[in-house]
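Have a look at the structure below, then the notes.
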Amino acid sequence: MGGIEYFANKEKRTVVAKIDNIQNDILAMLKKMFWSNAPLFNWNFLIKISDSFPTQVIGKAVCDEDDEFDLETGMYIARLRVIEKYQKMRIKAIERAEDVLWAEIYKTSTLFYTERDKLSGIQKEKDDFISDIELMGFLTE
């Protein structure tokens, strides 16, 4: 996570916390997660996931009119809100990556079972043919 920038407006009684470069942070996190399996993945799917997020996230704290504006309290609340949003985005990115991986696992599993069924069919055809020619006396052991 990049640094948090704060913007305060005492007249409006607000403090905003901002984190920039969210897309780069998410991409770096995903690359780190999948690095050990790098040959298996098309990195474009990671870029596509990270690009689907905003470039920045903000958290805002607004002081109620009945309360006294305190910059430190406002910064603390804004910080917690921005970090919460940021963390939710990271979780969403992991969920999206997981969806892509499950889809790949499903395709691989489907291919495996298709090929296994083909092999079973070939083996059965071979065994049936050998049985037939043994019955006809063409093949003896």
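The values are calculated or read from the model by the stated rules, or taken from the named source; none is laboratory data. This structure is a prediction, so every number in the text was calculated from the model and none was measured. We place every Cβ from the backbone using ideal geometry, glycine too, and count neighbours over all the protein chains shown.
The figures follow:
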read-out: Those residues of region 88-110 which are closer than 30 Å to I4 by Cα and either surrounded by 12 or more Cβ atoms within 10 Å (Cβ to Cβ) or of a type in the set (S, T, Y) (or both), in sequence order; value: M89, R90, K92, A93, I94, R96, A97
read-out: Which listed residue is farther than 30 Å from N21 by Cα and in a helix (DSSP H, G or I), from K85, K92, K126, K48; value: K126
read-out: Some residue of region 69-78 being at pLDDT below 90 and within 28 Å of the chain's Cα centre (by Cα); value: no
read-out: Identity of the residue in region 42-64, modelled with pLDDT of 90 or more and of a type in the set (D, E, K, R), that ends up surrounded by the fewest Cβ atoms within 10 Å (Cβ to Cβ); value: D64
read-out: Subset of region 3-37 (residues that are of a type in the set (S, T, N, Q) and buried (at least 17 other Cβ atoms within 10 Å of the Cβ)); value: Q23
read-out: Cross-chain or 6+ apart pairs with Cβ under 7 Å, region 43-63 first and of a type in the set (K, R), then assigned to a helix (DSSP H, G or I) and surrounded by fewer than 20 Cβ atoms within 10 Å (Cβ to Cβ); value: K60/R81
